[in-house]
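Below is one structure; the comments refer to it alone.
The values are calculated or read from the model by the stated rules, or taken from the named source; none is laboratory data. Here the structure is a predicted model, which means the values were calculated and not measured. FYI the Cβ positions are ideal-geometry reconstructions off the backbone, even for glycines, and counts take in every protein chain you see.
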Amino acid sequence: MVFPARGNYVILLTDGLESARLKGGVPDYDAAAKEAADLLSINVKTYVIGFGQDVVGNQTLSNIANAGGTQKAYFAADLAQLKEALRTISRQSPVNSMADPILSSREQGTVSTERLLN
């Protein structure tokens, strides 16, 4: 649901590898940027965080952020950098006025959550 009276945002946390869509048998690196642009057309901005050792400077992630109206992707190699990226995003948007970001992860059939900004 889109609420026009306040900002609407998506935070895409990714390892940077396209794994969902293929075009001609190869990864479609433009698919996520198109989806981000479609979301922006209904006033939903897309923030992008590349998480991992090999995603820094990933142009595909920067393209998604640009298409999603947030101009740049953030890159984090570890949990401390991930927390900092989320802090930076929360300062740029009213995301922090609603709830603190929570990291959810699934490992070996269990789900754990951790507050990131505390």
Residue in the range 33-48 that is crowded, with 19+ Cβ neighbours inside 10 Å, touching a strand residue (DSSP E or B) at 6+ places or on another chain (Cβ under 8 Å) and among the β-branched types (Val, Ile, Thr) present: yes
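Could you check the range 1-24 and list, in sequence order, the residues that are more than 13 Å from residue 61 (Cβ to Cβ) and at pLDDT 80 or above? Walk me through how you get there before you give the answer.
If we filter the range 1-24 for residues that are more than 13 Å from residue 61 (Cβ to Cβ), which is where we start, we get 1-10, 19-24.
Correct list: 8, 9, 10, 24.
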